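The structure under discussion appears below in the form of structure tokens.
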Amino acid sequence: MRDPYEILGLDRTADEAAIKAAYRKLAKRHHPDLHPGDKKAADRFSELNNANDLLSDPERRARFDRGELDAEGHELPPRGQFYRDFRGGPGGGFGGGPGAERYAGTQGDSAGFTEDDIAAFFARHFNARGEGANMHVPGADLQYALTLGFLEAANGTSRRVLLPDGRALDVKIPAGIDDGHTMRLKGQGRPGLGGGPPGDALIEVTVAPHPFFHRSGDDVIVDLPVTLKEAVLGASVSVPTIKGHVKLTIPPGSGDGTRLRLRGRGIREGHQYVELKVAVPPGQEPALAEFLRDWTPSHPFNPRAGMEEP
Amino acid sequence: MQLTAVVALFSDLGEPELTAWVERGWVRPEQAGTGPIFHDIDIARVRLIHDMRVGMRIEDETIPMILSLLDQVYDLRAGLRAVLRAVDAQPAPVREAILAAIN
């Protein structure tokens, strides 16, 4: 078995969310039932499942990272036949195994394929190919999946990726790249035939979520817990941004949900917005309770005004 | 195989869930007098749906679309194999003419 991190396109520092996201994306791409004609798809999928199985178990992952556990010899039990194997997949028969007719598009006739379809197929196929007999065939595109951490995607980075054909490419990831974006590296795919141009390398990027940074376009949003005292009296606190911590002044009398802006601290030209979450002190606070009992607010208000008429 | 036995093959699949898949037509087991009978092809299909929902986190409303497209691909492939067999059965000059036209 290859290195599980390499199989999932992950860094060794990838967190649980990144592993899940990478697995999900690659499972969608490599599931054998989605590749009825590809014999190797079952091997790729089982490799993927083994990699995911190893890395999503924190204990086994840690042992693997420390070198105590080999990726070899701990694979999942082989899985039974895939759906495609009953619908005439690689090596399968004509119409598929028993029961296939229950899933064929048109029930009853020969696998839902009519004479008209066949005639149309030939007509189209011959015309399209007939004209291009001396055509130069461009090379195929190569697909590659790359999972980035939130901060790598936000700030930009450079990554060495191993292409399926064994070549290594240094890829510059621009700051602010979006989840699901596909980067096209011109001419880095398979070579063409008959003087045709080479294909491209397509790198599909997955951005793993971050535990406290969220993204809205080029703005970054962070929920920042503050104590009751900091909210009422104001304070200067340290706030994480995608480029490191900065000091933020919380004005006196800030409430829960107050939104403060850190200009230019977002992605590219974007800002960071800090939304305050006021945390009431845990445990008993007799002095605070005593004070509140005798306290008459100078600006009485009902925070539930507007909710009285449902 | 009965529905209960199919459910037992998975650690995280319930009877109501599988029953719902059958009701929606995602899985079409043989209908016997004693209830549905799942053959190997049906079980493989249950496994595929399970992979899509759990492994790939595909939304329930997207699954019938994928299944329908997949079945169309399989039907087309079966049809294409029928054509290839027909081509195979032709005399050599006809086969060569067809191959030349395709390539």
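The values are calculated or read from the model by the stated rules, or taken from the named source; none is laboratory data. Computed from a predicted model, the values in this text were never measured in an experiment. Virtual Cβ from ideal backbone geometry, glycine too; neighbours counted across all protein chains shown.
Taking into account only those residues within the stretch B:5-17 that are assigned to a helix (DSSP H, G or I) and either more than 22 Å from residue B:60 (Cα to Cα) or touching a residue at least 40 places away in the same chain (Cβ under 8 Å) (or both), which is farthest from the other protein chains (Cβ to nearest Cβ)? Before you say what the answer is, go through the steps one by one.
Kept after step one, since they are assigned to a helix (DSSP H, G or I), are these residues of the stretch B:5-17: B:5-7, B:15-17.
Imposing the further condition that a residue be either more than 22 Å from residue B:60 (Cα to Cα) or touching a residue at least 40 places away in the same chain (Cβ under 8 Å) (or both) reduces the set to B:5-6.
Details: B:5: 14, B:6: 12 Å.
Once the filter is applied, the top-ranked residue is B:5.
Rundown of residues vs (1) in a loop (DSSP other than H, G, I, E, B); (2) out of contact with any helix residue (DSSP H, G or I) (no Cβ under 8 Å at 6 or more places or on another chain); (3) more than 13 Å from chain B (Cβ to nearest Cβ); (4) modelled with pLDDT under 85, yes/no style:
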site: A:2; (1), (2), (3), (4): yes, no, yes, yes
site: A:14; (1), (2), (3), (4): yes, no, yes, no
site: A:20; (1), (2), (3), (4): no, yes, no, no
site: A:45; (1), (2), (3), (4): no, no, no, no
site: A:54; (1), (2), (3), (4): no, no, yes, no
site: A:84; (1), (2), (3), (4): no, no, no, no
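Going by what's in this entry, would residue B:81 be described as surrounded by 13 or more Cβ atoms within 10 Å (Cβ to Cβ), within 11 Å of chain A (Cβ to nearest Cβ) and within 30 Å of residue A:193 (Cβ to Cβ)? Step through it out loud before you land on a result.
Numbers: surrounded by 13 or more Cβ atoms within 10 Å (Cβ to Cβ): yes; within 11 Å of chain A (Cβ to nearest Cβ): yes; within 30 Å of residue A:193 (Cβ to Cβ): yes.
In short, yes.
If residue B:72 passes every condition in (1) surrounded by 12 or more Cβ atoms within 10 Å (Cβ to Cβ); (2) facing chain A (nearest Cβ under 10 Å); (3) under 30 Å from residue A:51 (Cα atoms) but one, which one does it miss?
(3)
Out of all the residues in the stretch A:43-76, which are crowded, with 17+ Cβ neighbours inside 10 Å and within 14 Å of residue A:12 (Cα to Cα)? Let's see the steps before the verdict.
If we filter the stretch A:43-76 for residues that are crowded, with 17+ Cβ neighbours inside 10 Å, which is where we start, we get A:44-52, A:54-55, A:61, A:64, A:71.
Result: A:51, A:52, A:54, A:55, A:61, A:64.
Only one of B:64, B:91 is more than 8 Å from every other protein chain (Cβ to nearest Cβ) and over 18 Å from residue A:34 (Cα atoms); which?
Working: B:64 fails: over 18 Å from residue A:34 (Cα atoms).
One residue alone meets the criteria, B:91.
Run down A:264, A:283, A:270, A:255 and say which single residue is more than 32 Å from the chain's Cα centre (by Cα), assigned to a loop (DSSP other than H, G, I, E, B) and surrounded by 10 or more Cβ atoms within 10 Å (Cβ to Cβ). Before you say what the answer is, go through the steps one by one.
Details: A:264 fails: more than 32 Å from the chain's Cα centre (by Cα); A:283 fails: surrounded by 10 or more Cβ atoms within 10 Å (Cβ to Cβ); A:270 fails: more than 32 Å from the chain's Cα centre (by Cα).
Matching residue, one of A:264, A:283, A:270, A:255: A:255.
Can you tell which of A:168, A:154 is at pLDDT 80 or above, surrounded by 11 or more Cβ atoms within 10 Å (Cβ to Cβ) and not hydroxyl-bearing (Ser, Thr, Tyr)?
Values: A:168 fails: surrounded by 11 or more Cβ atoms within 10 Å (Cβ to Cβ).
Exactly one residue qualifies, and that residue is A:154.
Which one of these is at the interface with chain A (Cβ under 10 Å from one of its Cβ atoms), modelled with pLDDT of 90 or more, surrounded by 13 or more Cβ atoms within 10 Å (Cβ to Cβ) and part of a helix (DSSP H, G or I): B:46, B:27? I'd like the intermediate steps shown before the answer.
Values: B:27 fails: part of a helix (DSSP H, G or I).
Result: B:46 is the single residue among B:46, B:27 that is at the interface with chain A (Cβ under 10 Å from one of its Cβ atoms), modelled with pLDDT of 90 or more, surrounded by 13 or more Cβ atoms within 10 Å (Cβ to Cβ) and part of a helix (DSSP H, G or I).
Show the residue pairs meeting these rules: Cβ distance below 6 Å; 6+ apart or different chains; first residue within the stretch A:183-200 and closer than 17 Å to residue A:168 by Cβ and of a type in the set (Gly, Ala, Ser); second residue at pLDDT 85 or above and part of a loop (DSSP other than H, G, I, E, B).
Once the first residue is closer than 17 Å to residue A:168 by Cβ and of a type in the set (Gly, Ala, Ser) and sits in the stretch A:183-200, its partners that are at pLDDT 85 or above and part of a loop (DSSP other than H, G, I, E, B) give A:187/A:198; A:189/A:198; A:189/A:199; A:189/A:200.
Tell me, yes or no, whether the stretch B:92-100 has at least one residue that is in a helix (DSSP H, G or I), buried (at least 17 other Cβ atoms within 10 Å of the Cβ) and not aliphatic (A, V, I, L, M).
no
Among the numbered conditions (1) more than 19 Å from residue A:36 (Cβ to Cβ); (2) not in a helix (DSSP H, G or I), tell me where residue B:20 comes up short.
(2)
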